[in-house]
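For reference, the structure discussed in these notes is given below.
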Amino acid sequence: MSPRFAARVCTALLMLALAACVGGTKLVNSWKAPDAAPLSVKQGDLVIAMVMSKQETTRRTGEDLLGEELRQRGLRPIPSFTLIPTDQVDDREKAAAAVQDSGAVALFAMRPIAVNQQQTYVPPSYMGPGPYGSGWGPYYGYGWGAAYSPGYVVTDTVVRVEMLVFDLKQNKLLWAGQSETTNPDRLDQFMRDLVKTAAADMRRKGVIAEPAS
């Protein structure tokens, strides 16, 4: 293997390693109510989008983005901040009355749980065989041109979110799940991935009723 080719291989492998650290959302656990009927929502149904954060900007931005994802699926979302002001979220009775009076058929809630930093050490690597048994002269030329990837530390940001789906007609929690997202980049894509991941699991578990034929 020539030094130039080995260097190209080393660069390619390094790029792949860095790409593997780019964001992704996965569901780490989920639960389905065993005694509840599937959620039956149809085009145009009114639903509530709720992001449970007392930080006003986080709540409003999150609920607008969550609502947009629900709208893309044919529903009519109501951000919960229009029903329950942030300074009144601790009043459970008022919040419950506001939800009931809204006329919504379902409530989709998200709650940030944790943001953690995880470090992974990637050890150094040498690319390609070298003339280690051929004496000093051949190795000298090889050593200066051989490809080498030094060890480095990758720091990943891992965001964990709890997601809940309530059927307001049945007054039941139908589905709950916890997700992990590594290195989220854009908030809109982050929210899109959360909704997509949750919806896929709910379909598999039969939480979302199949449309009538």
| note | Apart from one, (1) crowded, with 16+ Cβ neighbours inside 10 Å; (2) of a type outside the set (D, E, K, R); (3) outside any strand (DSSP E or B); (4) modelled with pLDDT of 90 or more all hold for Ser30; the odd one out is (3)
| message | So, in segment 52-67, how many residues would count as being closer than 16 Å to Val195 by Cα and in contact (Cβ under 8 Å) with a residue 40 or more places away in the chain? | response | 5
| said: Among the residues of segment 169-198, what is the count of those that are among the aliphatic types (A, V, I, L, M) and crowded, with 18+ Cβ neighbours inside 10 Å? | reply: 5
| Considering Ala37, Ala97, which residue is more than 26 Å from the chain's Cα centre (by Cα) and either on the phi > 0 side of the Ramachandran plot or part of a loop (DSSP other than H, G, I, E, B) (or both)? | Ala37
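The values are calculated or read from the model by the stated rules, or taken from the named source; none is laboratory data. Just so it is clear, the structure is predicted and the values come from calculations on it, not from any experiment. Here the Cβ is made from the backbone with ideal geometry for all residues, glycine too, and neighbour counts use every protein chain on show.
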